[in-house]
Each structure stands twice: as C-alpha cells, then as structure tokens.
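S.K.: Can you read through this structure? Questions will come right after.
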Amino acid sequence: KNEVEQSPQNLTAQEGEFITINCSYSVGISALHWLQQHPGGGIVSLFMLSSGKKKHGRLIATINIQEKHSSLHITASHPRDSAVYICAVSSPPNQFYFGTGTSLTVIP
Amino acid sequence: DAGITQSPRHKVTETGTPVTLRCHQTENHRYMYWYRQDPGHGLRLIHYSYGVKDTDKGEVSDGYSVSRSKTEDFLLTLESATSSQTSVYFCAISEQGTGVSPLHFGNGTRLTVT
C-alpha cells in the first residue's frame, strides 16, 4: 500500500499546454512537498505547502487538506519542463513518504 | 543552490567489500538524510540524522550504517556490499525537519555492486 499516489505516471504534452499532475495521500500530514528531477538525476525542491496555494513563475501548487489531495499545475509548458515530478508528504512524528513520480515530456 | 556535496559521484565495487559514501553540507542544517532511488520504488529513506551523533533508521536500513561526528558531514557505510545495494544514493538536508522546512538534495552517487 502506497501512502502517496500520483497520477498520471507518464504524461506527454505539446509545448504551450496547461499541465496538471495530481497527488493523493492517505496519512495525516504536516506538509506536502513537490520535487522536480531532471534527466541526469538532480532533485530540486519546487514547493512545500500545508494549506492553500503557492505560485512560482509558471508553476502553481494547491492542496486540499480535507480531501487529502494536491495538484501541481504548469502553465504554458515548455520542453525544459520535461522532468519527473515527485510528490512527498511529511507525516508526524518523523515519517516522510514519496510518490513514485510523474514523468513529463513536453514536445516542441 | 544549497551547498551539498556527495562523494564519490560514481563507484563500482565488488560484492562483500565495504563502501562509504560521504555527504558534506555548508548550510549548517540540523537534519540530514540518506535515500536510495530504484526504478519502481521511488525514493526510500535509509537513515537520517537530527543532530551530531543523533541518528535513526529509515524503512530500508538493513545492511547500512551511518555516522555524524560533525554537523556538516553525514557518512553512509555499506558494511559488506551486495548486488541488491546497487542503486542511486541521494543525500538531503533540511533546516528544521521536513514538516516545516524544504528538503535540499545532493546530486547523487551512482553505486554499482558487481
């Protein structure tokens, strides 16, 4: 049983499209994290949120605590957005669960 | 970018040999973590540290040990490497723990056990 589920597993989009990646979790959390991993391996923290919505450039992350669901949106997608996007949750007291990631390919 | 350096970046070793991976940070963050990443499993926690000489096990700790004698260094040791430990290993740091602070990752160490 996975505490964090992401959908879709794989996603191909045309440049310029609006993209949504979903994350559902089954545990109580103190925070939810969105991470980005490019080919070649480096992992970057995009967002950490515990309520509401955060925006950074073309990226928007939302969370609904009652529904235990988060979404990552990418507006005006670009080939450089191609990466694996990973959802992870911090669950008290010391647990941290990762989803298996969504592989995004943006085609020019 | 957070100052996190993993060494070595790549290593090939033989079954049964000991291996030590190093994670060095310049951020003075309290929390440090070792993860492994395998296809189909995502990232899994091996061990973590919440201070100098304070460490605890993660979900896949068997066959691994860690040490943290200084704030900036967190070492992961495979006492006797096995082929099942072939993986990509990531170190991460967090200022106050993942419940309140973001995670920052190193660039990873690709370990192959033959």
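S.K.: When you scan chain A for strands (runs of 3 or more DSSP E) that lie fully inside it, which ones turn up with 1 or more residues that are polar (S, T, N, Q), in contact (Cβ under 8 Å) with a residue 40 or more places away in the chain and over 30 Å from residue B:56 (Cα atoms)?
M.R.: Correct list: A:4-7, A:10-14, A:19-25, A:69-74, A:102-107.
S.K.: Still on this model: Just a yes or no: is a residue in the stretch B:85-98 among the acidic types (Asp, Glu), closer than 17 Å to residue A:42 by Cβ and more than 9 Å from every other protein chain (Cβ to nearest Cβ)?
M.R.: no
S.K.: Sticking with this one: If a residue must be without any contact (Cβ under 8 Å) to a residue 60 or more places away in the chain and surrounded by 16 or more Cβ atoms within 10 Å (Cβ to Cβ), how many such residues does the stretch B:89-100 contain?
M.R.: Matching residues across the stretch B:89-100 total 1.
S.K.: Another one. Going through B:59, B:27 one at a time, which residue ends up being without any contact (Cβ under 8 Å) to a residue 24 or more places away in the chain and assigned to a loop (DSSP other than H, G, I, E, B)?
M.R.: Working: B:27 fails: without any contact (Cβ under 8 Å) to a residue 24 or more places away in the chain.
Of the residues listed, the single one that is without any contact (Cβ under 8 Å) to a residue 24 or more places away in the chain and assigned to a loop (DSSP other than H, G, I, E, B) is B:59.
S.K.: Filter the stretch A:36-45 down to the residues that are crowded, with 16+ Cβ neighbours inside 10 Å and more than 9 Å from chain B (Cβ to nearest Cβ) and list them by number.
M.R.: A:36
Computed from the coordinates by the stated procedures, all read-outs in this text should not be read as laboratory data. Predicted model, so just to flag it, every value in this text is computed and none were measured. Cβ atoms come from the backbone with ideal geometry, glycine included; neighbour counts cover every protein chain shown.
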